[in-house]
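Remarks on the structure that follows.
Every number here is computed from the coordinates shown, using simple stated rules; none is lab data. Note that this is a predicted model, so its numbers are computed, not measured. When we count neighbours, we look across all protein chains shown, and the Cβ atoms used for this are built from the backbone with ideal geometry, even at glycine.
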Amino acid sequence: MTGLSTPSLRRKILGTLLGGAVVLSAVAFCIIELGFRIALSQARQGILQTAARDASRLRPSLAPGTIVPTLGEIQWRMLGPSGETLAQSEGFRSKFPLTGWPALDAPFEVDEGAHWLRAHLPLDPPETGSIQLVMDLQAQRFVATRNTGLRLFMVAFTLLAAYGLGELIVRQSIRPLGRLAIQAALIRPKDLGRKIPVETFPRELGDLVASMNIGMERLQEAFQRLENLGTDLAHELRSPIQNLRSELEGLLLRPKDARGLQDALGSCLEELDRLGMMIEQMLFLARCEEPSSELRLGPLQASDLLRGIADYFEVSAESVQVELGVEASDDLAIMADRALIQRALSNLVSNALRHTPAGGRITLAATTTSKGEVNLEVRDTGEGIPAEMIQALGSRFTRVEHSRSRSHGGTGLGLAIVKGIMHLHGGDLELESRMGSGTTARLRFPPDPTGRTRRRSSGAHPILSPKEP
Amino acid sequence: MRILVIEDEAKAAKQLKAGLELAHFQVELAADGTAGHRLASSGAYDALVVDVMLPGLSGLQMVEKLRAEDIDTPVLFLSAKGTLEDRLKGLKSGGDDYIVKPYAFPEVLARLQAILRRVRPGSPLPPKVEVADLTWEPDKRRITRLGKRVDLTPKEYLLAALLLENVGQVVPRSTVVETVWGLTAHVDPNAVDVQVRRLRAKLDDPYEKKLVHTLRGVGIVLEDRD
């Protein structure tokens, strides 16, 4: 949990807690100190006022110039109505001259250095004179000091308690993280399906655990797909290799005439082509994972594109007695890579031809949605695809096994490639099918924000077009 | 015509040499970029067939160097690397075309001839091509057998013309797809076979001598086989 660059969670929480405690204590200390000081000064003023009242009562019995005793720590002097000294405590005169006293309407004053609290108060009744009092604060200091020590001790205790309590809280709340770390460390590629039990964690961590579980589920799916892909690929490679082997063995074991020899070698080449095509397609699919790679977008007229493909498959369709038609108005256009879309459409039409019985019909159509998306559709009146197969069909090496499907040299990657191509274009492939009445494969293109597709298409694809083994 | 094949893999080089010689080219071999460059800088060849990955000087570097020396012999690149980027690199370095391995030899031949035609446009189609009892007059878009006109649909005619332009040479199906329909070579080539069957039904079936032949796994050829 400790790292060199980032402080540990425990230290962070504890630090915050202690910092908070220090700030709070300091504020509390200041407030208490201020309150205490106010209370103290009010109490002192009260004492002086009481002393003044008490002294007022002595007034009639005092002869001028009397020396009176001090009142505890308070020294005092009584003045007559005209300011003459009536009485004073011992040594008062030498320390405090007659002048320089606060006025009667602001009677209290503390000297610089806080040695004395002086008061100048009227007698009772006021016209009989006034009284000057001095309290020796130095003598009282120990009271305040003792209190300050106590207060400091309390603050320190609070801090210590906050630290202890904080440590306890942090330990308690961090403990599930430790458990989670152990659980996470146990994750292995082989048991990604094992879930970390959410309910054993506090709710805040539960969210994290749930997210981890979802992430692991996705990983597991991807892992599974990859594993299946590897196995499938190996199986798919096996059959052309087997055919090659048998053919070559046959050549060695059984003598053949020139024609037979040529046929056998041709068949070997076909199998090699199948292998080569599979490699090309796998590489192509890998490149499709990365959108933006290798797209040569241009505005293409949908009807043009569809007619080109229909043209190509016309005789194939005729030879299996399937009608092939195009339904597209000339003003629909898409932003797309011509060669790639031709490849996608060709795959779809090949599939449709394979699964449409004689007398059926295949329609190539361009349609728009209300949102302005352009779709290219290949509709057939074939056997249809079972609903449970549709989801799986875009994956690699998935084929619909039909009793009627003609044998073919396909690699099982056709639809995956269509999907990959649409992925590159930011669109997707949608399959709709009803058993017995046909299938619609729909290439969905996102609406073109630039509006450039309204123009007519131009330009062939000079580089991305060569070669099919 | 003299062709220099620069390919470090001995087996592939031998096959290319044999195939090209069969098509009446004079062929010389070089096994690495440095030797290839030495030979090619003489400018004595009509075309170069260059593997991109070569020991010593790579194919791309070699061609760049040649172009810098003003040797503009046309170059056909062969490479196992087939992404668009690789192709573009090849063409940018001064190559004229680019074929990805594994290739079909007839395709190499077809592309090589296309390059040579591009460089020497002075070889127009002859006014008349004759193969056994078949006569093709390109100007009149007319094909006759035993003096009798063969009626073809436009696509069938394009296919026949492509085969006749390359009499005796195997035309790969991908070339047919590109030339006759103008589509990418990645479309399902099975439709080509159907078209070939159609053509054969009109061009060959009524006559005793068969001229259009399908070579399994290689392509289509029109020739007089005795």
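Calculated from the alpha-carbon coordinates, the range B:2-119 shows an Rg and a Dmax of 12.6, 34 Å respectively. Of B:GLY33, B:GLY182, B:GLY59, the residue with the greatest mean-square motion in the GNM of chain B, using alpha carbon springs below 10 Å, is B:GLY182. Computed from the C-alpha gyration tensor, the three semi-axes of the ellipsoid equivalent to the range B:1-60 are 18, 14, 7 Å, from longest to shortest. The calculated Kirkwood hydrodynamic radius for the range B:129-222 is 13.4 Å, given to one decimal from all distinct C-alpha pairs. Within chain A, helices built from complete DSSP H runs that reach 18 Å or longer along their own axis (Cα positions) and carry a mean Kyte-Doolittle hydropathy of 0.0 or higher are A:9-58, A:137-185, A:258-288, A:302-319, A:338-355. For the range A:1-112, the alpha carbon positions stretch 86, 26, 24 Å along the principal axes, listed from largest to smallest.
By other beta-carbon atoms within 10 Å, ranking A:TRP101, B:TRP136 with the fewest at the front produces A:TRP101, B:TRP136. Taking a ≥ b ≥ c as the square roots of the eigenvalues of the alpha-carbon gyration tensor, the range B:71-120 is classed oblate because a/c is 1.5 or more while a/b is no larger than b/c. Candidates B:HIS213, B:GLY56, B:GLY95 compared by Cα position along the dipole of the protein assembly as shown: farthest toward the positive end lies B:GLY56, with charges placed on Cβ.
Above 18 Å, the calculated P(r) of the range B:76-154 contains 61 percent of its Cα-Cα pairs. Pair-distance distribution of the protein assembly as shown: all C-alpha pairs, bin width 10 Å, starting at 0; shares per bin in whole percent are 2, 10, 14, 15, 12, 7, 5, 4, 4, 4, 5, 5, 5, 3, 2, 1, 0.
The residues A:MET435, B:MET53, when put in order of fewest to most other Cβ atoms within 10 Å, stand as A:MET435, B:MET53. Check the straight Cα-Cα distances from A:LYS12 and name the aspartates and glutamates below 15 Å, setting aside those fewer than 8 residues away within the same chain. Output for A:LYS12: A:GLU167. With a simple spin-label model that places each label point 7 Å from the Cα along the Cα-to-Cβ direction, the separation between B:LEU22 and B:GLU137 comes to 3.5 nm. I want to make sure I understand the PRE zone here: with the label point 7 angstrom from the Cα of A:THR16 toward its beta carbon, which residues in the range A:167-195 have backbone N atoms less than 19 Å away? Backbone N within reach: A:167-178. Between B:ARG118 and A:LEU297, the FRET efficiency estimated from the beta carbon spacing at R0 = 22 angstrom works out to 0.20. When its C-alpha radius of gyration is set against 2.2 N^0.38 Å (N residues), chain B gives a value of 1.11. Magnitude of the charge dipole for the range B:2-119, about its Cα centre and with charges confined to Cβ atoms of Lys, Arg (+1) and Asp, Glu (-1), is about 180 debye.
Calculated FRET efficiency, A:ARG171 to A:PHE36, Cβ-Cβ distance, R0 = 41 Å: about 0.65 to the nearest 0.05. In nm, to one decimal, how far is the A:MET435 label point from the A:MET154 one, both placed 7 Å along Cα→Cβ? Label-label distance for A:MET435 and A:MET154, simple model: 8.5 nm. A Förster distance of 25 Å, applied to the separation of the beta-carbon atoms of B:LYS148 and B:LYS210, puts the FRET efficiency at 0.90. Charging the Cβ of each Asp and Glu at -1 and of each Lys and Arg at +1, and nothing else, the dipole of the range A:203-288 about its Cα centre rounds to 160 debye.
For the listed residue pairs B:LYS128/B:LYS209; B:LYS14/B:LYS210; B:LYS140/B:LYS210, the alpha carbons are over 27 angstrom apart in B:LYS14/B:LYS210.
Farthest toward the positive end of the dipole of the range A:128-225, out of A:ILE169, A:MET212, A:LEU150, is the Cα of A:MET212, where the dipole comes from beta carbon charges about the Cα centre.
Here B:ASP97, B:ASP151, A:ASP428 are placed in order of increasing Cβ neighbour count within 10 Å, fewest first, which gives B:ASP151, A:ASP428, B:ASP97.
Note on the protein assembly as shown: dipole from Cβ charges, positive end direction compared against A:THR367, A:PRO81, A:LEU305; the farthest Cα belongs to A:PRO81. Within the shell defined by Cβ-Cβ distances under 12 Å, the residues around B:ALA30 carry a net charge of -3, with Lys and Arg each +1 and Asp and Glu each -1. Size estimate for the range A:203-288 follows the Kirkwood approach: the inverse of mean 1/r over distinct Cα pairs works out to 16.5 Å.
If only the Cβ of Lys and Arg carry +1 and only the Cβ of Asp and Glu carry -1, the dipole of the protein assembly as shown around its Cα centre is close to 1080 debye.
Here's the list of aspartates and glutamates a cross-link from B:LYS17 could span, going by alpha-carbon distance under 17 Å and ignoring same-chain residues fewer than 8 apart: B:GLU7, B:ASP8, B:GLU9, B:GLU28, B:ASP32, B:ASP46, B:ASP51, B:GLU107.
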